[in-house]
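I have placed the structure first, in the form of structure tokens, so that the comments after it can refer back to it.
The values are calculated or read from the model by the stated rules, or taken from the named source; none is laboratory data. In this text the structure is predicted, and so the values were computed from the model without any measurement. Ligands, DNA and RNA are stripped out before the accessible areas are found, and what is left, the full protein with its side chains, is counted by its heavy atoms. Shrake-Rupley method; radii C 1.70, N 1.55, O 1.52, S 1.80 Å.
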Amino acid sequence: MLIDQYLDAALLGLIEGLTEFLPVSSTGHLIIFDTLLGFEGPPGKVFEVVIQLGAILAICTVYFARLWKVVTGLKDDPGARHFAVAVILAFLPAMVLGAALHGVIKAVLFNPTVVSVALILGGVAILMAERLVPVPRYHQIERFPAPLALKIGLCQCLALVPGVSRSGATILGSLLMGVDRRTAAEFSFFLAIPTMAGATVYDLYKNWSLMTVDSALLIGVGFVTAFVAAALVVKVLVDFVGRYGFAPFAWYRIAIGSGMLAFLYL
């Protein structure tokens, strides 16, 4: 295998780690940079899905103490049980729809044109949503009512379209339903754990017969770089969002989406 492919895999892993928890669509960025780099990874777009698990493991590392407190408190702590139920309820809609539409999504929507349009429309939506955000009523995940968690999960389903952004859909949905910025961002992080773990397992199951040693090595390189990059960026994101909001990401989405459409069609 050419060394260039490993370098491309490392770069894509870096991009994944830096964008997974930003409302700019990590999958969309991977599809765009696949096109720009001419990267040909494992069949079935497995690389683009599986390396996201590296970023998710970074969340487990950075927030290990809090997650461990939830796990050990499930028996006796009502707050820990509410936390777990909220994450599970929010995960269910994307799990069902993702499994049902897996083939259609990969075959029809994993292309740079769809991503570019989704990036632009999502940027406009963020700018509009920022004007409509109500006064926050929810400041702790442990106090999320079940209907709120389920509605956030329905928002996450929008991100089945590459370019929409899983974190963007869940964070903005949370804000519009009265969750404060920091809590919305953190809930999006925690919701990513079962969502991306489920997507990875399902994708590997669907494409296992197509995997080779070379494919596994490419995925490993992207996985590791995604883990490192995400671990470095996640805490910074929470502080940035709490201070500046999401408008800077909206303008970035519009710029990169427009630039990609120009590259493709001009």
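Enumerate the whole-percent occupancy of each 5 Å bin, from 0 to the last occupied one, for all C-alpha pair distances of the chain.
1, 6, 13, 18, 20, 18, 12, 7, 3, 1, 0, 0, 0
For F21, which sequence-distant residues (separation of 5 or more, or a different chain) have an amide H within less than 5 Å of its own amide H, given hydrogens modelled in the peptide plane?
none
Please report Rg (one decimal) and Dmax (integer) in Å for the Cα set of the range 215-266.
15.8, 41
Restricting attention to the alpha-carbon atoms of the range 128-214, what are Rg (one decimal) and Dmax (integer), both in Å?
15.6, 52
So which DSSP H runs in the chain come out at 18 Å plus along the axis (Cα) with average Kyte-Doolittle of at least 0.5?
Numbers: long enough: 3-19 (24 Å, 0.87); 78-104 (40 Å, 1.53); 112-132 (30 Å, 1.73); 181-207 (38 Å, 0.17); 213-244 (45 Å, 1.73); 247-265 (27 Å, 1.06).
Result, helices passing both filters: 3-19, 78-104, 112-132, 213-244, 247-265.
Just from the alpha-carbon atoms, what are the Rg and Dmax of the range 1-119 in angstroms?
Just the Cα atoms of the range 1-119 yield Rg and Dmax of 17.5, 54 Å.
Provide, for the chain, the number of lysine pairs with alpha carbons under 22 Å apart, each pair being eight or more places apart or on different chains. Can you show the working numbers first?
On the way: K45/K106; K45/K206; K69/K235; K106/K206.
Taking the chain as the scope, the lysine pair count is 4.
Carbon-plus-sulfur fraction of the accessible area of the chain, 1.4 Å probe, in percent?
The nonpolar share, carbon plus sulfur, comes to 72 percent.
Which whole-angstrom value gives the distance between the alpha carbon centres of the range 136-151 and the range 1-80?
Cα centroid to Cα centroid, the span is 26 Å.
With a 1.4 Å probe and every protein chain left in place, work out the accessible area per residue of the chain in Å², rounded to a whole number.
Ligands and nucleic acids excluded, the result is 46 Å² per residue.
Roll a 1.4 Å probe over the protein heavy atoms and report the accessible area of C60 in Å², nearest 10.
About 40 Å², ignoring ligands and nucleic acids.
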